[in-house]
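Asker: I have a structure I would like to understand better, so I am pasting it below and will then ask my questions one at a time.
The values are calculated or read from the model by the stated rules, or taken from the named source; none is laboratory data. Predicted, not measured: the structure shown is a model, and the values here were computed from it. Because the Cβ atoms are built from the backbone with ideal geometry, glycine has one as well, and the counts that use them run over all protein chains shown. Surface accessibility is based on the protein's heavy atoms, side chains included, excluding ligands, DNA and RNA. Shrake-Rupley method; radii C 1.70, N 1.55, O 1.52, S 1.80 Å.
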Amino acid sequence: MSHDASRRTALERRFAALDGFSVLPHGRGEFQAADVAVLAADRESLNLTRRVASNLAGVFAPTLLVVEEPFEELAGVMWFGAYGLILSSASDRELADAAVLVSNRYTVVSEEIIEDERLSEGRLAFEWTLNNDTQSALGGLSRREREVLALVGTGRNNAEIAARLWVSSNTVRSHVQRLMRKLGLRSRLCLVIFAHELGLVDMNDTVLNGGEEEPVTPAPRRA
């Protein structure tokens with residue numbers, strides 16, 4: 001999936017040329033027949049990508065994202081349903097291996113993406129959720145703090161959260177700062193990831209910057 005149709009077409013052709021792969025026609029009805037859904041993601045279409053990946057998660061094929069370069073917003077992708085991240089510069093063998101692993105619901109991330117400094121905050125949040133009892137941490141939050149955390153996870157800013165909760169922006173800012181202190185997280189991005197890790201976010205309520213959803217490009221693997 002991409003706002004650039006030429007990139008999507010190039011990705012389709014690339015998978016069609018790989019042994020053991022075929023590309024299914026676009027359409028929601030095709031997802032159930034696919035082994036893996038492959039999305040060409042970029043910064044401009046990431047919100048739309050998150051929505052599509054979350055809709056696919058647990059219902060249809062697992063998702064592999066193909067990006068041209070790392071960018072900081074990718075830090076939260078794994079908490080939006082995607083199983084894999086790989087650079088478009090990867091070799092055909094690497095791309096095929098990643099698709100096969102993702103089709104079997106293994107988590108796959110290119111080493112170049114993991115090591116990119118722009119994703120440092122996402123790594124910190126990921127390590128935190130691995131090394132801490134998230135449910136216990138959640139139990140230490142007040143009802144209002146949980147509400148604020150869930151709304152932060154939707155991508156809303158402080159003013160939008162304040163309007164939703166009928167409080168001032170300063171009150172929301174105080175809640176956000178308190179959440180970071182209580183959870184030991186260093187940025188708003190980490191709060192977003194944490195909220196998704198705990199399943200607090202209603203994906204139908206997330207803030208999207210894009211327009212209508214575009215059809216995804218399923219790339220099924222044949223046994």
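Asker: From the list LEU101, LEU74, exactly one residue is buried (at least 23 other Cβ atoms within 10 Å of the Cβ), modelled with pLDDT under 90, in contact with a strand residue (DSSP E or B) (Cβ under 7 Å, 6 or more places away or on another chain) and part of a helix (DSSP H, G or I). Which is it?
Answerer: Only one candidate passes the filter, namely LEU74.
Asker: Here is a further query. Select from region 131-154 the residues that are among the β-branched types (Val, Ile, Thr) and either assigned to a loop (DSSP other than H, G, I, E, B) or open to solvent by less than 20 Å² (accessible area, probe 1.4 Å) (or both) and write down the one among them that is modelled with the highest pLDDT.
Answerer: VAL148
Asker: Sticking with this one: Go through region 104-116 and give me each residue that's open to solvent by 70 Å² or more (accessible area, probe 1.4 Å) and assigned to a helix (DSSP H, G or I).
Answerer: At the first step, the residues of region 104-116 found to be open to solvent by 70 Å² or more (accessible area, probe 1.4 Å) are 104-107, 111-112, 114-115.
Within region 104-116, GLU111, GLU112, ILE114 qualify.
Asker: Follow-up question, since we're still on this one. Just the residues that are part of a helix (DSSP H, G or I) and either among the β-branched types (Val, Ile, Thr) or touching a Leu at 6+ places or on another chain (Cβ under 6 Å) (or both), please, taken from region 165-178.
Answerer: Matches in region 165-178: THR171, VAL172, VAL176.
Asker: Please verify whether GLU69 is assigned to a helix (DSSP H, G or I) and at pLDDT 70 or above, treating the condition exactly as stated.
Answerer: Answer is no for this residue.
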